[in-house]
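Input: a single structure, listed below in structure tokens.
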Amino acid sequence: MVLQTETEEKIVASAEKLFYQKGKAGTSMQDIADDAGMNRTLLNYYYRSKDQLFEAVFRKALGRFVPSLAAMLHSDISFEEYVPVMIETVIDTMIDNPQIPIFVLQELSSNPQRMPEIIREMGINPAVAMKKMASEGTLSVEQGIDPRQFIINLLSLCIFPFAARPVITDILFEGDNEAYLSAMKERKKLIPQIVKQIMMQNPSK
């Protein structure tokens with residue numbers, strides 16, 4: 001969804017803030033109208049339902065990093081070169097926008113079919129990554145490593161620490177948010193090292 005007016009931008013900004021603070025279920029359309037400083041009638045003119053508004057917020061969240069990663073994936077860059085850039089992009093985005101994992105989990109819970117549709121619309125196609133891996137001899141089922149498992153592991157390494165941020169911060173870093181953020185930045189170097197070790201196990205490398 002393309003935001004076309006300042007009013008729409010204001011509505012989505014209020015919704016984003018409230019969904020992050022109170023969750024989708026805990027936020028009403030009236031809450032959003034009040035925060036945006038407008039009446040409910042005007043809000044309904046732009047967004048007829050909370051679900052429609054959540055989709056706008058969700059698209060905005062994914063739009064911060066998914067299109068750029070998709071464009072890079074479809075470029076001439078090798079998969080081996082792509083991986084560290086993808087890791088850095090995802091981690092930096094999650095640090096700057098800690099609400100994204102929450103939006104993703106809420107969306108997966110309430111409307112699991114919509115997220116794959118939006119991701120595909122934004123240009124992400126795992127088949128392109130797997131084709132790159134196969135053509136470069138990076139990873140393949142025939143070589144003993146399922147590329148799908150590799151992609152799942154890679155995404156988990158990048159995203160899970162942010163989805164579980166409250167628990168990780170409290171248990172592993174004794175509530176020290178700065179120490180947690182420092183550790184997340186360190187992962188931009190750590191995860192590529194893990195990936196490189198996996199690739200080095202590939203007999204074709």
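Please go through (1) part of a helix (DSSP H, G or I); (2) surrounded by fewer than 15 Cβ atoms within 10 Å (Cβ to Cβ); (3) not assigned by TED's automatic domain parsing to the domain that holds Leu181 for Ala33 and return the number of the only condition it doesn't satisfy.
(2)
Within the stretch 28-85, take every residue that is of a type in the set (Lys, Arg) and more than 16 Å from the chain's Cα centre (by Cα) and give me the one that is farthest from Phe103 (Cα to Cα).
Taking the stretch 28-85 and keeping what is of a type in the set (Lys, Arg), we get 40, 48, 50, 59-60, 64.
From the residues that got through so far, the ones that are more than 16 Å from the chain's Cα centre (by Cα) too are 40, 48, 50.
Details: Arg40: 24, Arg48: 20, Lys50: 14 Å.
Of everything passing the filter in the stretch 28-85, Arg40 is farthest from Phe103 (Cα to Cα).
Right, Ile171: surrounded by fewer than 14 Cβ atoms within 10 Å (Cβ to Cβ) and either modelled with pLDDT of 95 or more or touching a strand residue (DSSP E or B) at 6+ places or on another chain (Cβ under 6 Å) (or both) or not?
yes
For Leu62, state whether it is buried (at least 16 other Cβ atoms within 10 Å of the Cβ), within 30 Å of Leu42 (Cβ to Cβ) and not polar (S, T, N, Q).
The answer is yes for Leu62.
Quick check: anything in the stretch 156-179 in contact with a Gly (Cβ under 7 Å, 6 or more places away or on another chain) and hydroxyl-bearing (Ser, Thr, Tyr)?
Here is the first cut: in the stretch 156-179, the ones in contact with a Gly (Cβ under 7 Å, 6 or more places away or on another chain) are 169.
Next cut, hydroxyl-bearing (Ser, Thr, Tyr) only: 169.
There is at least one residue in the stretch 156-179 that is in contact with a Gly (Cβ under 7 Å, 6 or more places away or on another chain) and hydroxyl-bearing (Ser, Thr, Tyr).
Is it true that Glu186 is assigned to a loop (DSSP other than H, G, I, E, B) and either under 23 Å from Asp96 (Cα atoms) or modelled with pLDDT of 95 or more (or both)?
no
Quick grid of which residues meet (1) in contact with a Gly (Cβ under 8 Å, 6 or more places away or on another chain); (2) surrounded by 13 or more Cβ atoms within 10 Å (Cβ to Cβ); (3) in contact (Cβ under 8 Å) with a residue 60 or more places away in the chain; (4) assigned by TED's automatic domain parsing to the domain that holds Met184:
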residue: Ala13; (1), (2), (3), (4): no, yes, no, no
residue: Leu18; (1), (2), (3), (4): no, yes, no, no
residue: Lys24; (1), (2), (3), (4): no, yes, yes, no
residue: Tyr47; (1), (2), (3), (4): no, yes, no, no
residue: Ile95; (1), (2), (3), (4): no, yes, yes, yes
residue: Ile100; (1), (2), (3), (4): no, yes, yes, yes
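If I go through the stretch 60-110 residue by residue, how many of them are of a type outside the set (Phe, Trp, Tyr), closer than 19 Å to Arg120 by Cα and assigned to a loop (DSSP other than H, G, I, E, B)?
Count: 3.
The values are calculated or read from the model by the stated rules, or taken from the named source; none is laboratory data. All of these numbers come straight from a predicted model, not from anything done at the bench. All Cβ positions, glycine included, derive from the backbone under ideal geometry; neighbour counts span all protein chains shown.
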